[in-house]
Amino acid sequence: MLLQQNAETIHRLIEQGVLLLRAYHAEHGSEPAGPEAEFLRGDITGWRNTLHTLYHDSAEQIVDRVVTRTGLPFPTGDVRTTVTCAS
């Protein structure tokens, strides 16, 4: 399995996800419609899109580990699971 081959990288990605998700929820709790909460939502979406680009179907295993560690839900938003290139 791809996730076992890169244990150190996976651990760092999980830690990054934990930090992003906690920061988002802290900011969203104090000012839900504020620019910082929206900025962090964009960071989380970018993080997830990168996971899907690198790990495809296994990406949600990393997301699930972050949710388990934090007990916090991910903000809703679009996550691209395929990359398209303009010709």
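The values are calculated or read from the model by the stated rules, or taken from the named source; none is laboratory data. All values reported here derive from a predicted model rather than from experimental measurement. Glycine gets a Cβ as well: all are built from the backbone with ideal geometry, and neighbour counts include every protein chain shown.
Take residues that are in contact (Cβ under 8 Å) with a residue 12 or more places away in the chain, within 14 Å of the chain's Cα centre (by Cα) and surrounded by 13 or more Cβ atoms within 10 Å (Cβ to Cβ) and tell me which of the helices (runs of 4 or more DSSP H) falling wholly in region 1-73 contain 1 or more.
Correct list: 7-30, 35-55, 59-70.
Going through Val79, Val83 one at a time, which residue ends up being at pLDDT below 90, touching a Lys or Arg at 6+ places or on another chain (Cβ under 6 Å) and of a type outside the set (Lys, Arg)?
Val79
Picking from Glu38, Glu31, Glu15, Glu8, which residue would you name as being acidic (Asp, Glu) and modelled with pLDDT of 95 or more? So that I can check it myself, show each step before the final result.
Working: Glu38 fails: modelled with pLDDT of 95 or more; Glu31 fails: modelled with pLDDT of 95 or more; Glu8 fails: modelled with pLDDT of 95 or more.
It is Glu15.
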